[in-house]
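Asks: Below is the structure I would like to discuss, written out as structure tokens.
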Amino acid sequence: MWTIANARLAFANGCVANVTASRISRDRVRKLRFFQPDMYVSVDYAQQEVEGWRLVRRTGERPSIEGGKLPVERQEPLALEMADFVRAVRERGRPLVDGEAGRRALALAARVNEKITG
């Protein structure tokens, strides 16, 4: 059984995601990081914090890095998920994340697992 996995996912639109999962770690890490040529954004799901940094170029000056923490409305994720489910049932509408999206995510996870386990 593996204890850590790294997967590099390449999407049709050119986006690349590096995903790491570990069964053994001292710290509980739930982060999503976005890297752009002149920008970096870090989303910390565990702490419910977001930081954004960008490289700012001004004529005649050295480039500077500007940014910091961004405002976040802290909420309980499971409560939001359940509220959306109840809303979809009551209104006979679509949930924000439907079963098809869940199926695709599970299929991708299964493909990654197959690559890891051989």
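The values are calculated or read from the model by the stated rules, or taken from the named source; none is laboratory data. It should be emphasised that the depicted structure is a prediction, and the values quoted were computed from it without experimental measurement. Here the Cβ positions follow ideal geometry from the backbone for every residue, glycine too, while neighbour counts run over all protein chains shown.
Asks: Looking at (1) of a type outside the set (A, V, I, L, M, F, W, C); (2) more than 29 Å from Val112 (Cα to Cα); (3) assigned by TED's automatic domain parsing to the domain that holds Leu108, which is the only condition Arg57 fails?
Replies: The number of the failed condition is (3).
Asks: Looking at Arg74, Arg54, Arg104, can you tell me which residue is without any contact (Cβ under 8 Å) to a residue 40 or more places away in the chain, closer than 24 Å to Phe11 by Cβ, among the basic types (Lys, Arg) and loosely packed, with under 12 Cβ neighbours inside 10 Å?
Replies: Arg104
Asks: Of everything in the range 1-51 that's among the basic types (Lys, Arg) and either touching a strand residue (DSSP E or B) at 6+ places or on another chain (Cβ under 8 Å) or under 21 Å from Ala109 (Cα atoms) (or both), which residue is surrounded by the fewest Cβ atoms within 10 Å (Cβ to Cβ)?
Replies: The extreme case among them is Arg28.
Asks: Continuing with this model, one more query. Can you spot a residue in the range 79-88 that is charged (D, E, K, R), closer than 30 Å to Asp27 by Cβ, outside the structural domain of Arg28 (by TED's automatic domain parsing) and under 20 Å from the mean Cα position of the chain (by Cα)?
Replies: yes
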